[in-house]
Every structure is written in structure tokens, then in C-alpha cells.
Amino acid sequence: MVRHYFIATMGCQMNEYDSDHVGQLLQHRDFLATEDPKKADLIIINTCAVRAKPEQKAYSLLGRMIVLKKRNPSLIVGIMGCIAQQWGSILLDRFPGLDFVLGTKEIGKLPEILRRLEQGAKVFAADLNRMSTFPAVRSGYFAGRVKSFVTIMEGCNNFCTYCIVPHVRGREVSRPPEEILNETTALVAQGVKEVTLLGQNVNSYRYGRGHGDGFPSLLRRANALDGLLRIRFTTSHPKDLSDELIQCFGELEKLCSHVHLPFQAGSNRILKAMRRGYTREHYIELTEKLRNIRPDIAITSDVMVGFPGETERDFEFTMDLVRRIEFDNLYSFKYSDRAGTRAEKMGPKIPEAEKACRLDALQSLQKAISLNKNRLLVGSTVQVLVEGRSRRENQMTGRTGTNKVANFNCDMNVLGSIINVAVKRCSPNSLWGEVLD
Ligand code: SAH
Ligand code: SF4
Ligand code: F3S
């Protein structure tokens, strides 16, 4: 009998990658994916612990999924990802209907866990002191997909004072380059044209003895793969962005003109309290070097407001940096206390209302900058990798090398090709245009 699984994925690209790992394991065991949790025999929630909001969202979804057991008593409900890793067996006590908790490095154990559940055992598995297993790319799984992720390293050694990630993903470990390149080749064989190489801090990728092979050398090898059209990577940490890596933007034609370089705060005092390991001056210098090598490079970033002790003056430094650099896009967050981090014990805490006010000011500023940047593209031609249908009927959607969303009308079958689009109009978040050729 065919069984169905439903997986809800929250959080970052690491979780998206992990959910695909789960999908490949389950499809191997005759499970089919469903978008409707009511039709599922197995429900898994892949969670994020980075801020209080996604954590609350995960618990409320978990509650709603467990209720479905009333209609379907044989339904299995599990939790994986960063919350699963952080709270482990405590979750089994808190949610009596929960069947299993799967740690961030235990995905490969899922088939075994399902077997043990059939015998009635509740399983808790969360051991950070091991290297993950990685998916064996399953034939046909990626059919129809134009882009995909490939994990190149796991974990993080930086322990920024606000951040839960090192506590739930363990220390940095790099995957062997051959494994990464083989996985990429297998994806390309299924039609994937663009890969994003993933890690919390890809700049410190290093494999092998002595100095080993660093990230630039991995990029060069990926650039040589036949059939692959585009390479992206995320995330890079400013303190480790080397000149050699910046140089890659001048040399590698498949490397997209986009870098995501989180700065987190514009005030040196706050950067120090965050333990980020760079100053605003150093950050500005990096963006100048990148723009010198690739004048069209898009720079996007993450920033937070209301870190403990952040004054109005500190916040002004953040606003100033945003004005100066003119990011193409900015992901901004209110600081959120995370259990077990150093910032949790720092003070004074900034009131929620003040954080909301700062976030508002920052987001309006960025919206104006994003719109201005997109307006400069109206009247020009951009190269778009076509990813699929847009939400609007008859329109197709894709991204430019600079990672901007572009929509256009098109009847031809252009999925997976890079086409020229003449930009006609824009919003802060997307471009609209007409296909040339
Ligand atoms: N490895 C990446 C970040 C991963 S977390 C890096 O170092 O840049 C993604 C983003 O969430 C971070 O860049 C940060 O802006 C935000 N973030 C992390 N912890 C947070 C917290 N406690 N409160 C608010 N935002 C946080
Ligand atoms: Fe978190 Fe800092 Fe590591 Fe990024 S570099 S994952 S923000 S600890
Ligand atoms: Fe969230 Fe874990 Fe990613 S905490 S941001 S899902 S590494």
C-alpha cells in the first residue's frame, strides 16, 4: 500500500536541503509526497530555532498536526531541525502526541526510526558529535527543478553572542570536495542548472591535511563542471572573506554577481558585543573590493535591531551603513533572546516597542533603496535563468545573476534556459519585462 508523507520546512536553506534529504529517503521506501497534511500517514516538521517567532510557529503547527491523529489514529508525527536538536526529549514530554524527535545530524537514521516506531518505541535521537550522512541523489527526485542546494560544510565555530546555530548544528565540518562535486554532477544530470553551495560560513570551508583545499579552489572545480550554468553560495562571514575569494568574482564566469554578506550591526561597539570579529570600516572596505572586481555585483545582507544595550546612537550607525552601502536587499530582524546564548544574559534589553520602531525605520529606508536600484534597471536587458511559472497566469519567473526576481510573458518552453529580458517596470522586490530573441 502506498503511504504519503507531508513535510513542513521552516528556517534557512540548510533545512530546505535537509528536507530534500528526508524526501529522498522516504521516496526510496515507497512513500509519496503530499501537500495536504490530512492525507498524510507521516508528518514531519522541520524547525528553526533562530528567533522566538519561528519557534512559536513550529509549536503551533505541531499542535495542529497532532490533532489530526483523532481522525487518523495510525498517523505518525515527528519533529526535526534546530528546535528538535535543542530541546530533544523534552519535546516528547511537552507534546504527548509527538512520535519522534530527529536531531540535525541524524537524518540518515530516519528509516531505522520508522522501523522502531512500528514496534511501538518513541525515539529520541540527537547526537551532535558525529558527521551527518548526506543524501544519495535519488534518480528522478529533482526532475523539473532548475536550481538546488548542495551542503559543503556543517556547523559553525563562531559563537556570535546572540546566535543559537552553533548550539544546534555543532562545530564546523567540511565535506570532501569529491562528494560535493559528485552530488552536483548528479543534480545536473537531472536537469538542475544552478547550485547554491551551502554552509553557515562557507569562507572557512577547508578539506584535507595541512592547509587543505579552501573554498576558492572548490569554486574553481565547480566552475569547470559541464552543464552547470550558475553557481551561488551562502553564507559568507565578513571576517573570513579573503582576497582570494573576492578574486574568484573576477575569474569564474559561472559564479553569479551576488554575495550575501551579513553585517548584523553598523556600530563597532555592538559588533564587538556580538563577537563578530570585524569593524564597520572593514566591512565597507570589503564591499568596495567586491564592487571593484565586479561592478554589477549585488550585495545583500542580514541585520538586527535592538541587540542588548543598543542605543539610539548605535542604531544611527546601522542606518548610516545602510545608506552608504546601498544594499540590493536586506533581511532585517528584531533581536530575540535565545536560551543558552551569551547575549541572553546581557543587558539592558531593548523594549519590544522600541525594536519595532527601529525595524520600521530601517525597512522603509531599505525599501526606498531597493526600489531605486531596480529603477536603474528599467530600460536595460537582464539575463534571467527561467525557473517556472509565476503566480500570475501565463507569466514565467526567474532570477537575474544578481538574484533579482524577474517576471515576463512567454509561450515558448524556456524552463531552465538563460534568456534576455528587456526590463519594462519594477517594484522594490521584482522586475517585469519582455523576452528578447
Ligand atoms: N551564518 C549566518 C547566519 C545564520 S542565522 C551568518 O553568520 O551570517 C540568519 C540570520 O538570523 C543572522 O544573520 C541574523 O541576522 C539573524 N539572527 C540570528 N540570531 C538571531 C537572534 N537571536 N535574534 C534575531 N536575529 C537573529
Ligand atoms: Fe550564528 Fe554567527 Fe555562526 Fe552565523 S557566524 S551561524 S550568526 S554564530
Ligand atoms: Fe534556523 Fe537552524 Fe537555519 S536555527 S536559520 S534552521 S540553521
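The values are calculated or read from the model by the stated rules, or taken from the named source; none is laboratory data. Keep in mind it's a predicted model, so treat the numbers as computed, not measured. Ideal geometry is used to build each Cβ from the backbone, glycine not excepted, and the neighbour counts take in all protein chains shown. We work out accessible area using only protein heavy atoms, side chains counted, and drop any ligands, DNA or RNA first. Shrake-Rupley method; radii C 1.70, N 1.55, O 1.52, S 1.80 Å.
Before moving on, here are some points about what is shown:
- Restricting segment 158-182 to residues that are away from ligand 1 (no atom under 11 Å from the Cβ) and among the polar types (S, T, N, Q), the residue that is least open to solvent (accessible area, probe 1.4 Å): Ser174
- Counting only strands (runs of 3 or more DSSP E) that fall entirely inside segment 172-263 and contain at least 1 residues that are over 29 Å from Ala136 (Cβ atoms), the qualifying elements are 258-260.
- Gln86 satisfies every condition listed in (1) more than 10 Å from ligand 3 (Cβ to nearest atom); (2) open to solvent by 20 Å² or more (accessible area, probe 1.4 Å); (3) in a helix (DSSP H, G or I) except (1).
- Here Leu197 passes the criteria (1) at pLDDT 95 or above; (2) open to solvent by 20 Å² or more (accessible area, probe 1.4 Å); (3) within 16 Å of ligand 3 (Cβ to nearest atom); (4) not acidic (Asp, Glu) except the one numbered (2).
- Checked against the criterion of being without any contact (Cβ under 8 Å) to a residue 60 or more places away in the chain, more than 9 Å from ligand 1 (Cβ to nearest atom) and open to solvent by 20 Å² or more (accessible area, probe 1.4 Å), the candidates Asp314, Asp320, Asp296 yield just one match: Asp320.
- Close contacts from segment 46-62, counting a first residue that is farther than 21 Å from Tyr162 by Cβ and a second that is within 11 Å of ligand 3 (Cβ to nearest atom) and open to solvent by 50 Å² or more (accessible area, probe 1.4 Å), with Cβ to Cβ under 7 Å and a gap of 6+ residues or different chains, come to Asn46/Thr9.
- When Leu359 is tested against (1) outside any helix (DSSP H, G or I); (2) open to solvent by less than 30 Å² (accessible area, probe 1.4 Å); (3) farther than 29 Å from Ile231 by Cα, just one condition goes unmet, and that condition is (1).
- The residues in segment 30-59 that are open to solvent by 60 Å² or more (accessible area, probe 1.4 Å) and either assigned by TED's automatic domain parsing to the domain that holds Gly155 or assigned to a loop (DSSP other than H, G, I, E, B) (or both) can be counted, and the count is 3.
- Yes/no for Lys349 being at pLDDT 95 or above and either within 16 Å of ligand 3 (Cβ to nearest atom) or part of a loop (DSSP other than H, G, I, E, B) (or both): yes
- For first residues located in segment 337-352 and without any contact (Cβ under 8 Å) to a residue 60 or more places away in the chain, partners that are open to solvent by 40 Å² or more (accessible area, probe 1.4 Å) and assigned to a loop (DSSP other than H, G, I, E, B) and lie 6+ apart or on another chain with Cβ distances below 9 Å form the pairs Glu344/Asp337; Lys349/Asp337.
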